[in-house]
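For reference, the structure discussed in these notes is given below.
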Amino acid sequence: MPPKTENIEAVTKTLRIMEILADHGGDLTVTQISKMLGSSVSSVDRYLHTLQSAGYVVKNTYTNRYELSLSLYALGGRYVKNNYMVKALINAANAVSQQYNVSVNINAMAGLEPMLLFRVSRFYNKDLDFLVGEQAPAYCTSSGKLILSTYTPAQLDEYFSSVRLMNYQEHELSEKSLREELKTIAKCGYAMCKGEYVSGIYSVSFPVRDRNSKVFAFTIIMKKEDSHRILRPEVLLDIRKRLARLE
């Protein structure tokens, strides 16, 4: 028997409340949340009570305002801890970062953009100061373009119909040129960015598939002056061999 419409609506609104609290840093009243959600105060109060009981929302008893609890952060940590492929990629990231003195990111597609799951940093750049869970445009990052290169034609059509391409660092972008680049990436097996997203920063991303064919992007990030040391055939081959052993 399919779930009742009212049950689906309740779940949808409960999840939306969590998104609202996350987007506003918490500290919202029931009235504020109800206005943003477009639901009655009494309904929102019930949803918040459910989230409180589950441990995902806390209420400040002095201000009567709500915020997300750290249980969601812990939930994400459990995903990383218990996902066999993410754990394997973290081990590989630490090893590659140490051997070649490079930063390494692990990303997976979440909606229309790759999400950062883990990072090892070897240098600081304010434009790369992403937190775990943050996202960047797929069409101008090596991790995003790598994952897009694995899409079917129908998936790509849907993607391009849903995004608005923006130029970064005066690098001209077009759907036609990007589609051609994705074909090249699919053939060679890795994607590169040479300062298109952040000036002076190079990156190269490799695909790793888990047992369910989910694609993760293993991304090496380096300064331009280090690219001649890293983007050598023997180094790229070594990294690809390491990652191939994980699949």
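Here is how the numbers come out for the structure above:
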read-out	value
3J(HN,Hα) from dihedral phi, the range 75-85, Karplus parametrisation 6.51/-1.76/1.60, rounded to Hz, x for glycine, proline	4, x, x, 5, 4, 5, 5, 9, 8, 4, 6
Nearest-0.05 FRET efficiency for M18 and K187, computed from C-beta distance (R0 35 Å)	0.25
Distance between the range 1-73 and the range 188-208 - C-alpha centres, whole angstrom	39 Å
Using θ = phi - 60° and Karplus 6.51 cos²θ - 1.76 cosθ + 1.60, couplings along the range 62-70 (whole Hz; Gly, Pro as x)	8, 10, 6, 10, 10, 8, 5, 8, 6
Computed FRET value (nearest 0.05) for A74 with L131, which takes r as the C-beta separation and R₀ as 22 Å	0.90
Sequence of C140, C193 once ranked by neighbouring C-beta atoms within 10 Å, starting from the fewest	C140, C193
Residue-wise HN-Hα coupling along the range 201-218, computed from phi with Karplus coefficients 6.51, -1.76, 1.60 (Hz; x: Gly, Pro)	10, 9, 8, 9, 10, 10, x, 9, 10, 8, 5, 9, 6, 5, 9, 10, 9, 9
Across K81/K224; K183/K223; K35/K176; K59/K87; K87/K145; K59/K214, pairs whose alpha-carbon gap is larger than 30 Å	K81/K224; K35/K176; K59/K87; K59/K214
Under-5 Å amide H pairs with M115, H placed in peptide plane, nonlocal only	A108, M109, A110
Principal-axis tilt of helix 5-23 within the chain, Cα atoms, nearest 10 degrees	70 degrees
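Every read-out reported here was derived from the displayed coordinates using simple, explicitly stated rules and does not represent laboratory data. This structure is a prediction, so every number in the text was calculated from the model and none was measured. Using ideal geometry, Cβ is built from the backbone for each residue, glycine included, and neighbour counts are taken over all protein chains shown.
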